[in-house]
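Here's the structure, in structure tokens; my notes come after.
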Amino acid sequence: QVRPVESGGGSVQTGGSLKLSCTVSGNITNPCGMGWFRQAPGEERDLVSWISVEGYKTIRDSVRGRFTISRDNTGNRLYLQMNNLKTEDTAMYFCTACVGTYAGGHYAENNYWGQGTQVTVSS
């Protein structure tokens, strides 16, 4: 089935850059968007950035102007370019793919999550 896999995390100094990648395997016949979330210890998993099927983007205020979400033309790869990293960006970053399903006339949307990739920013 649908399986996102993240890569590109690592350890950098403040002001550095990283580019996260997410490869989504499986057949997505009814996509409903893709996005990045992050979770630091003791905190909720929170939205970083989202891109809809039609290309509309949302972004967390704290990373606006520093992070950029993008998607390849196949719709199966998602990226997060992170520039000017700060210590507060340290977290596990998760990729998710939204998939719509139809069964017995009922429509539902399901989010499939990757295993996460760790980003650590030190001063």
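The values are calculated or read from the model by the stated rules, or taken from the named source; none is laboratory data. From a predicted model like this one, the values you see are computed outputs, not experimental measurements. Cβ placement follows ideal geometry from the backbone for every residue including glycine, while neighbour counts extend to all protein chains displayed. Accessible surface areas use protein heavy atoms only, side chains included; no ligands, DNA or RNA. Shrake-Rupley method; radii C 1.70, N 1.55, O 1.52, S 1.80 Å.
Miscellaneous remarks
- Once the Cβ-Cβ distance of V53 and N83 is raised to the sixth power relative to R0 = 35 Å, the FRET efficiency obtained is 0.85.
- Distance from the C-alpha centroid of the stretch 13-64 to that of the stretch 84-121: 7 Å, rounded to the whole angstrom.
- Descending by average beta-carbon neighbour count within 10 Å, the peptides 34-42, 102-110, 3-11 line up as 34-42, 3-11, 102-110, the highest first.
- The stretch between D72 and T101, if pulled fully straight at 0.36 nm per residue, gains 8.2 nm over its current Cα-Cα span.
- Each other residue within a Cβ distance under 10 Å of D89 adds +1 if Lys or Arg and -1 if Asp or Glu, for a net charge of +2.
- Value of Rg/Rh across the stretch 1-54 [Cα atoms, Kirkwood radius]: 1.02
- Carbon/sulfur fraction of accessible area - the stretch 30-114, other protein chains in place, 1.4 Å, %: 47 percent
- Using the empirical formula 2.2 N^0.38 Å as the baseline, the Cα radius of gyration of the chain reaches a ratio of 1.08.
- Heavy-atom accessible area per residue - the stretch 66-123, 1.4 Å, Å²: 51 Å²
- Added length on full extension, which subtracts the Cα-Cα distance from 0.36 nm per residue, A40 to E109: 22.2 nm
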